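Enquirer: This is the structure, below, for whatever I ask next.
Quick note: the coordinates plus some simple rules give every number you see, no bench work behind them. For clarity, every value in this text was computed on a predicted model and none was experimentally measured. Here the Cβ positions follow ideal geometry from the backbone for every residue, glycine too, while neighbour counts run over all protein chains shown.
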Amino acid sequence: MRLPDTAHTSRPWRIHELASDFRVEDVWALPTPGGPDDFARLVDLLASGDGLARGSGSGAVRALWAIRRTAGQLLRWDGPQAGLGARVPTLRDRLPADLRGAPPGPGFRNLPFSPLYLLHDEWASEIANRTMHGVLHLGWVPDGSGGYRGQLAVLVRPNGLLGTGYMAVIRPFRHLIVYPALIRQTGRAWRAPQADPGTRAGAPAPPVPS
């Protein structure tokens, strides 16, 4: 379920200290009910996912990923010169002292996100290309019935007119196709019996903001 921006901005997340110049692009409730100590399982589930192209079973999502990859290659949106430490500095440079000492958390298996920090209820990773600098933020929040669930937020800082225009064009596809597929598959993976981490299939990797 998509949530209002205030579901993210009203909480005392540490990411606010690092990304005050980013805008909230999306906030989604994840169907991952659990207890206060289950956040690590959710982080592992998302980080180890094999990607929407394989995990969701959606032809529309696979087609959108293929189009995005092709466009990125043709227009050189995704090369090293457009990424972290080249076009934009990493947000790790903004980490306060206590977060610099925190573990960054796992990296995504198949996506070029760079982890920033991992806390008991919060995990953040960043990505950059020619269109934007983005943050994927995962939180563990009370569900209102005595339990907890995951909450996914995407923060972006578009790169000029190109980034602003591109984010506007892809917004309806994200809201109507990509994120609903991600949410459904994450819920199915969360409900599946847990197996050995080395053999269990993960949830789909969250979509790249751009």
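Enquirer: Where does each of 114-123, 31-40 land if you order them by average Cβ count within 10 Å, highest first?
Expert: In decreasing order of mean packing, 114-123, 31-40 become 114-123, 31-40.
Enquirer: Can you give me the distance in nm between label points at residue 175 and residue 98, each placed 7 Å from the Cα along the Cα-to-Cβ direction?
Expert: 3.6 nm
Enquirer: First measure r as the distance between the Cβ atoms of residue 1 and residue 86, then evaluate 1/(1 + (r/R0)^6) with R0 = 45 Å and state the FRET efficiency to the nearest 0.05.
Expert: 0.75
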